[in-house]
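Nothing in this text is a laboratory measurement; each read-out follows from the coordinates by a stated rule. This structure is a prediction, so every number in the text was calculated from the model and none was measured. Cβ sites come from the backbone with ideal geometry, for glycine too, and all protein chains shown count toward neighbours.
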There are 2 protein chains.
Amino acid sequence: MRSYNVAILGATGAVGQQMLTCLAEQDFPVGSLKLLASARSAGKTMRFMGEEVVVEEACDEAFDGVDIVLGAADNDIARRFVPVAREKGAVTVDNSSAYRLDPDVPLVIPEVNPEDLSLHRGIVANPNCATIIGLVAVNPLHRLGTIKRMVVSTYQAASGAGVGGLRELESQMARIASGESVDEPRAFAYQLACNLIPQIGGFDDAGYTSEEMKMQNEGRKIMHAPDLRVNCTCVRVPVMRSHSESITLEFERPVSVEAARAALSEAPGVALVDDPASKAYPMPLDTTDKDAIYVGRVREDISAAAGTYGLTLWCCGDQIRKGAATNAVQIAKILTL
Amino acid sequence: MRSYNVAILGATGAVGQQMLTCLAEQDFPVGSLKLLASARSAGKTMRFMGEEVVVEEACDEAFDGVDIVLGAADNDIARRFVPVAREKGAVTVDNSSAYRLDPDVPLVIPEVNPEDLSLHRGIVANPNCATIIGLVAVNPLHRLGTIKRMVVSTYQAASGAGVGGLRELESQMARIASGESVDEPRAFAYQLACNLIPQIGGFDDAGYTSEEMKMQNEGRKIMHAPDLRVNCTCVRVPVMRSHSESITLEFERPVSVEAARAALSEAPGVALVDDPASKAYPMPLDTTDKDAIYVGRVREDISAAAGTYGLTLWCCGDQIRKGAATNAVQIAKILTL
């Protein structure tokens, strides 16, 4: 079996670290492994399959001989190095938003549109975390009735802001617990512990944030649904690393709750957790460090107008895993097949 | 000026304590004051206007000579004592859900339907907290364009489960901060710290919780909108005492963002906090212990179908104050006019 020389760009961040774990969990055929990061992190070591690997500073030469790059860095770093990696013959699965809407770059959730992968020209984009989690949940229903419209409210975890976001929430909780005042926030614009922040990303002229528009822009591309309309409200909540989403769907054709549950129970990457009588429904604590997207609270949309077809549901998924690293390594693995 | 003999039924709970504060803040013309609670709390003292008041066990005789009862007890206690108080000539403003949908009982938010108060026959019901907070925010827009449909996702604070809910969240945060495991939850079905619980109340056959149906059932009565359709998803979040709501509205007639903002900026009980460019939007920490409902993130619903008129907004309000005690004391004050 062929093995592949892998580089993780941004290896020391929350997503980069998780990618390393996912490579091992998914039995990825790793030949050599390079852990690339900023100069600040160079020289640190990280463990992979029982061995210590030294983190190197990212530079053009670092991509020599690399087959697959897993990109876990910000947009500017991605724009700096992804073209270099492609030039040198590597394929990058990039978790930044830099290339997601580029028509030459497939944007892929393996459970939804794996067929798009074959069109890549050296770059595959990994979708936004909230987009992945929401679409893994709703795509099985899209196949049943064709989704026309989604109204989504998100409950997004601290990990979306990386390790700094996680540490900030932990530190704030500890200070509140000991009766101290909370430090000036840095990862978030405001205190997150015991609070909610209804802004993720910058605002556009229509009053939507960049995060809110991703669900529609990326959703249309991933589900091949150019007319899909999505109204999203993205809210940061004091939860560590699982995003949750309250989603109301409008379909072109009727989809019964029973048919929806049946489809979800067989859908790849989905765990149907939907037994209200026994208080079984998705919760972010339960999906922490798990790859599956939990879906539940599936019910008819009682507000749907006569002649329209609506369902409402609730889903949760680990933002660092399926929302980022797991999805990227799944893509990389398909690329090796 | 006439004064009124007031009794608070359930005085020692989170809402009862807040009612006591609100009586003083709203300069309610209190003659005598009775603090009624269970036998367990009898003999405790609470302060009102600088004096110690001893808590008494609720019994039929306790309502002799009382003019106004503020009910802050559960449904079974309300059903036991509210008819007694009425029999003895008192008017009860009751915060339980026992009488809310009774056609003989006005269900009132003073900013929305004060005119209904004149129809009371000894009982006025105080609406559910999430209903009050949501309707104070959307009623000014209902007046502009007539709301046909609401899709609501709530972010509800621990205080909705009373003092026990608040203490449980505090205790869980302290244990997590010190690396200890969290005690078996009692106020909530599951751990709330660092988690979200998508169930408040029991489930009906359609898969909606009692809390979720209140927004439609109470909203129709309060706004005199019998055809209003509401799809609500109610979620408990690790926030102390302010509820937040993500609301998408569909109107019968067009309502522009500018007209909506103008109406909200003049609406009683509302604070318009809506300047995305300077990161100004409602947050639950900011509304804690405040009476106003903060409304922001007002924008066009970009998912609305052609020929339909939609807006989306975000609001926050203190659940114990305007969601319960403040609203009840406002009603009581109107009754004295």
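May I ask for the net charge around B:ALA42, where only other residues with Cβ less than 10 Å from the Cβ of B:ALA42 are counted and Lys, Arg are +1 while Asp, Glu are -1?
Net charge in that neighbourhood comes out at 0.
Give me the net charge of A:TRP314's neighbourhood, meaning all other residues with Cβ under 11 Å from the Cβ of A:TRP314; Lys, Arg count +1, Asp, Glu -1.
0
To make sure I understand, if each residue's beta carbon is the centre and we count other beta carbons within 10 Å, what order do B:GLU51, A:GLU245 fall in, fewest to most?
Going from least to most buried by this count: B:GLU51, A:GLU245.
Taking the Cα centre as origin and putting +1 on Lys and Arg beta-carbons and -1 on Asp and Glu beta-carbons, what dipole magnitude results for segment A:156-224, to the nearest 20 debye?
Magnitude of the dipole: close to 240 debye.
Copy-to-copy spacing for B:PRO103, label 7 Å out on the Cα-to-C-beta vector, in nm, shortest first?
B:PRO103 label point versus its equivalents elsewhere: 6.2 nm.
How many nanometers, to one decimal and shortest first, lie between the label point of A:GLY65 and those of its other copies, if labels sit 7 Å from Cα toward Cβ?
Those separations, rounded to one decimal, come out as 9.5 nm.
May I ask you to order A:56-68, A:7-19 by the average number of other C-beta atoms within 10 Å around their residues, highest value first?
Ranked from most to least packed, the peptides come out as A:7-19, A:56-68.
How high is the relative contact order of chain B, given as a whole-number percent (alpha carbon pairs under 8 Å, six or more residues apart)?
18 percent
Can you sort A:LYS279, A:LYS290, A:LYS322, B:LYS148 by how many other beta carbons sit within 10 Å, fewest first?
Ranking A:LYS279, A:LYS290, A:LYS322, B:LYS148 by Cβ neighbours within 10 Å, fewest first, gives A:LYS279, A:LYS290, B:LYS148, A:LYS322.
Mind checking which of A:GLY162, B:LEU144, B:MET215 is farthest towards the positive end of the protein assembly as shown's charge dipole, using Cβ charges of +1 (Lys, Arg) and -1 (Asp, Glu) about the Cα centre?
B:LEU144
Mind listing which trypsin sites (Lys or Arg not before Pro) in segment A:70-141 are in a DSSP loop and have 11 or fewer other Cβ atoms within 10 Å?
Qualifying residues, ordered by number: A:ARG121.
Relative to the Cα centre, what is the charge dipole magnitude of the protein assembly as shown, using +1 at the beta carbon of each Lys and Arg, -1 at the beta carbon of each Asp and Glu, and rounding to the nearest 20 debye?
That gives a dipole near 340 debye.
Which percentage, to the nearest 5, of the DSSP beta bridges contained in segment A:1-141 is antiparallel?
Antiparallel bridges make up about 15 percent of those DSSP assigns within segment A:1-141.
Taking every DSSP beta bridge that has both residues in the protein assembly as shown, what percent is antiparallel when rounded to the nearest 5?
Once the DSSP bridges in the protein assembly as shown are tallied, antiparallel ones form about 50 percent.
With a bin width of 5 angstrom, please list the P(r) values of segment B:223-337 as percents of all Cα-Cα pairs, from the 0 bin to the one holding the largest distance.
Cα pair-distance distribution for segment B:223-337, in percent: 2, 11, 16, 20, 21, 16, 9, 3, 1, 0.
Would you mind calculating the relative contact order of segment A:144-218 from Cα pairs under 8 angstrom and at least 6 residues apart, reporting the percent as a whole number?
Dividing the mean separation by the residue count of segment A:144-218 yields 17 percent.
Roughly speaking, what is the centre-to-centre gap between segment B:115-177 and segment A:152-181 when only Cα atoms are used, to the nearest Å?
Here the answer is 25 Å between Cα centres.
What's the percent breakdown of Cα-Cα distances in segment A:11-127 across 5 Å bins, shortest bin first?
2, 11, 21, 26, 21, 13, 5, 1, 0
I'd like the projected area of chain A, averaged over all directions, using the convex hull of its alpha carbons. Report it in nm² with one decimal.
One quarter of the hull surface, i.e. the mean projection, equals 18.9 nm².
What does the C-alpha gyration tensor say about the overall shape of segment B:276-327? Classify as rounded when a/c is under 1.5, otherwise prolate if a/b is larger than b/c, or oblate.
Since a/c reaches 1.5 but b/c is at least a/b, the shape of segment B:276-327 is classed as oblate.
So what's the net charge close to A:ALA24: Lys and Arg +1, Asp and Glu -1, counting the other residues with Cβ under 12 Å from its Cβ?
Residues near A:ALA24 contribute -2 overall.
Springs between alpha-carbon atoms under 10 Å, Gaussian network over chain A: tell me which of A:VAL84, A:VAL93, A:VAL69 tops the mean-square fluctuations.
Of A:VAL84, A:VAL93, A:VAL69, the Gaussian network model singles out A:VAL84 as fluctuating most.
Counting only Cα, what are the radius of gyration and maximum Cα-Cα distance Dmax of the protein assembly as shown, in Å?
Every Cα atom of the protein assembly as shown included, Rg and Dmax give 26.9, 93 Å.
Counting DSSP beta bridges with both partners in chain A, what percentage is antiparallel, nearest 5?
Here the antiparallel bridges make up roughly 50 percent for chain A.
For n ≥ 4 DSSP H runs only, could you compute -39500 (n - 2.57) per run for chain B, divide by its residues and tell me the 222 nm figure to the nearest 500?
Result for chain B, helices only: -9000 deg cm²/dmol.
Counting other beta carbons within 10 Å of each residue's own, what order do A:LEU117, B:LEU196 fall into, fewest first?
If I rank by nearby Cβ atoms, fewest first, I get A:LEU117, B:LEU196.
Measure nothing fancy, just the Cα-based angle from helix B:129-145's long axis to the longest principal axis of chain B, in degrees from 0 to 90, nearest 10.
Long axis of B:129-145 versus the principal axis of chain B: about 50 degrees.
Charges at C-beta only: +1 for Lys and Arg, -1 for Asp and Glu. How large is the resulting dipole of chain A about its Cα centre, in Debye rounded to 20?
Charge dipole of chain A: 260 debye, to the nearest 20.
Between the label point of B:ARG186 and that of the same position in each other copy, find the distances and list them shortest first in nm, with every label point placed 7 Å from Cα along the Cα-to-C-beta direction.
Once sorted, the set of distances for B:ARG186 reads 4.0 nm.
How shielded is A:202-209 by partner chains, expressed as the average number of their Cβ atoms within 10 Å of its Cβ atoms?
Going residue by residue through A:202-209 and averaging, the value is 5.
Gaussian network model of chain A, Cα springs within a sub-10 Å range: biggest mean-square fluctuation belongs to which of A:ALA259, A:ALA325, A:ALA130?
Highest fluctuation among the options: A:ALA259.
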